[in-house]
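Trainee: After the structure tokens below, expect a handful of questions from me.
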Amino acid sequence: MSKTLLFAALLTALTSCQTATAPAASATLPAPSLGTTMPPPANALTAEAARAAVGRYLQGQPNAALYVLDSASVVDADTHWQVLVPRTDWAKRMPNKAAFEVEKTTGAVRIRPVK
């Protein structure tokens, strides 16, 4: 019986040490998703403007150094540009490029899945 009371007292003491507050919002960072878009600064009517828009988008990413923007290929896909950017950490795998979609009229950049 005394062990039960001692255990109950210990449990009560431990639970009183716990805080009921939620962690601060700045402590957690949102995970990027495939549908993440970046607010566009201008339109991207040319291939060079699309490459520059992807460059601005990548500057805000924590792993921007992994992308080789100088070797990016740009494909005209009707209302948007498809920009394929090689990654240094994907050198010996297929696919070895990350895909981005840039809207021509707005300059919005979206990450696209690569198969």
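Throughout, read-outs are computed from the coordinates displayed, never taken from laboratory work. Predicted model only: the values in this text are computed from it and were never measured.
Trainee: Counting pairs of alpha carbon atoms under 8 Å apart in space and at least six apart in sequence, what relative contact order in percent does segment 35-115 give?
Mentor: Computed value for segment 35-115: 37 percent relative contact order.
Trainee: What's the Kirkwood radius of segment 35-115 in Å, using all Cα pairs?
Mentor: For segment 35-115, inverting the mean 1/r across all distinct Cα pairs yields 12.5 Å.
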